[in-house]
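Chemist: If you scroll down you'll find the structure; I have some questions about it.
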Amino acid sequence: MEYGWRTGNNGVPKYVMTSQLNRMMRDGHIDIPDPGFWDEALVFERLPDGKIEARSGCHDDRIMALAIAVTILDYLPKPTAAIARIITPDTEE
């Protein structure tokens, strides 16, 4: 058994995940107070061959971890009214 999250040809492409993360940030659905994330963002780029990654010698672990987490949200079942009541119970009983 292999563990991990497949990206690229055998999984979800990085550009899809990072685009979803970008959309969530742009639309104000996510706030990232981690300075390390923003340090990585400064060196995260699209390379001439089309790949999206950190510059050579730099890291993108925080960006990819959050991009994977945001992408997983699309695979989770959407909340129903019954689940919403469980999460936020009606106090008018």
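Chemist: So, counting K/R as plus one and D/E as minus one, what does the shell of residues with Cβ under 14 Å around V16 add up to?
Modeler: +4
Chemist: Need one number: nm distance between label points at A69 and L47, each 7 Å from Cα along Cα→Cβ, rounded to one decimal.
Modeler: 2.7
Chemist: Now, a different point. Could you work out the relative contact order of segment 1-85? I mean the mean sequence separation of Cα pairs under 8 Å and 6+ apart, divided by the number of residues, in percent.
Modeler: 28
Chemist: Tell me, what is the FRET efficiency for I32 and K78 to the nearest 0.05, using R0 = 30 angstrom and their Cβ-Cβ distance as r?
Modeler: 0.80
Quick note: the coordinates plus some simple rules give every number you see, no bench work behind them. Given the structure is predicted, the values throughout are model-derived calculations rather than measurements. Reconstructed Cβ throughout: ideal geometry from the backbone, glycine too, with neighbour counts over all protein chains shown.
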